[in-house]
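Beneath this line is the structure, given in structure tokens, with notes to follow.
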Amino acid sequence: MNEPIKLLQQYINEANNIVFFGGAGVSTESGLPDYRSAEGVYTTMENENIDPKKLMSKRFMMEKPEVFFSHRFQAETPLKPKPNAAHQYLAALEKSGKSIQIITQNVDGLHYKAGSTNVVELHGNHRRFYCMTCGTEYAYETIHRDEQNIPRCPLDNGIVRADVILFGENLKPENLVKSKQLISAADLLIIAGTSLTVNPAKNLINQFKGNKVVVINKSALEMNLTADLFIKDAVGTTFSQLTI
Ligand SMILES: [Zn+2]
């Protein structure tokens, strides 16, 4: 165990109340692309002269649902990624009785899949679907699509969409309130796989009043934050070296 990992292990062992704040980098080792790196989802779209802010917006979904749902990033394709060492470690830590709360910007549901139960999914979950007209929930496998490939509710023909936050939509207030409470009550904050480029992530992080801040990310943060420990490495690789 090298020094930074030893220190992280010590912080975790000593903490009473951990918050893990994760971004896209937590899932890249599960084979999911991030958004802003060279192979990122947004970068790929921009290379194809598509503006992700336009295509992945609620407005576009309502105006041109046949195009919205035909795009490969909007087709809600059920990827079958597996939790990696980071998801697994956090789930095992919770199981061991440690107070650990996860706040994630990812929509892949991998923390639940790994077995964590204390999870706030800030941007929703792309495996949950609901009818925009009547609210009925659908499992991906049972979704009926019309001749234009638009997912439709058999009850009222409403559009069935993923429960994720699109551009032009606000995060759910209850998730923001809960995240603020969790972060302000934590004594160890681990920020992983995110550069904290966008709000409200920055605002949430500023709620921290605890003891230690650890950042695990391949690049520096885009906010002014003094970390007690900065591990410039992949998130799964880092957690694979820890013990419960
Ligand atoms: Zn419906």
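Worth pointing out:
- Surrounding net charge for A114, when Lys and Arg each add one and Asp and Glu each subtract one, Cβ distance under 12 Å: +1
- Lysines with Cα under 22 Å of K6, excluding same-chain neighbours fewer than 8 positions away: K95, K98, K212, K218, K232
- The chain: most fluctuating residue of T28, T226, T194 per GNM, C-alpha cutoff 10 Å: T226
- Taking the fewest neighbouring Cβ atoms within 10 Å as the starting point, the ordered list for V19, V213, V164 is V164, V213, V19.
- Environment charge of V26, counting only residues whose C-beta is closer than 10 Å and scoring Lys/Arg +1, Asp/Glu -1: -3
- For the chain, with +1 on Lys and Arg beta carbons and -1 on Asp and Glu, the positive-most of N149, Y42, S30 along the dipole: S30
- Histogrammed with a bin width of 10 Å, the alpha carbon distances of the range 34-145 distribute as 12, 35, 33, 17, 3 percent, first bin at zero.
- A simple charge model with +1 on the Cβ of Lys and Arg, -1 on the Cβ of Asp and Glu and nothing else charged puts the dipole of the chain at about 360 debye relative to its Cα centre.
- When the convex hull of its Cα atoms is projected in every direction, mean area for the range 1-55 (nm²): 5.9
- Expected 222 nm ellipticity per residue - DSSP helices of 4 or more, -39500 (n - 2.57), all of the chain, to 500: -7500 deg cm²/dmol
- Rg(Cα) / (2.2 N^0.38 Å) computed for the range 156-244, rounded to two decimals: 1.33
- Taking Cβ atoms as reference points and 11 Å as the exclusive limit, the residues near Q148 contribute a net charge of 0, counting Lys and Arg as +1 and Asp and Glu as -1.
- Only beta bridges with both residues in the chain are counted; by DSSP, about 35 percent of them are antiparallel.
- Taking the inverse of the mean reciprocal distance over all distinct Cα pairs, the Kirkwood hydrodynamic radius of the range 90-244 comes to 17.6 Å.
- Each residue in E63, E141 was given a count of other beta-carbon atoms within 10 angstrom of its own, and listing them fewest first yields E141, E63.
- Using Cβ point charges alone (K and R +1, D and E -1), the dipole size of the range 44-149 about the Cα centre works out to roughly 380 debye.
Readers should treat all values here as calculations from the given coordinates under stated rules, not as data from a laboratory. Here the structure is a predicted model, which is why all the values come from computation and not from measurement. Positions of Cβ are backbone-derived with ideal geometry, glycine not excepted, and every protein chain shown enters the neighbour counts.
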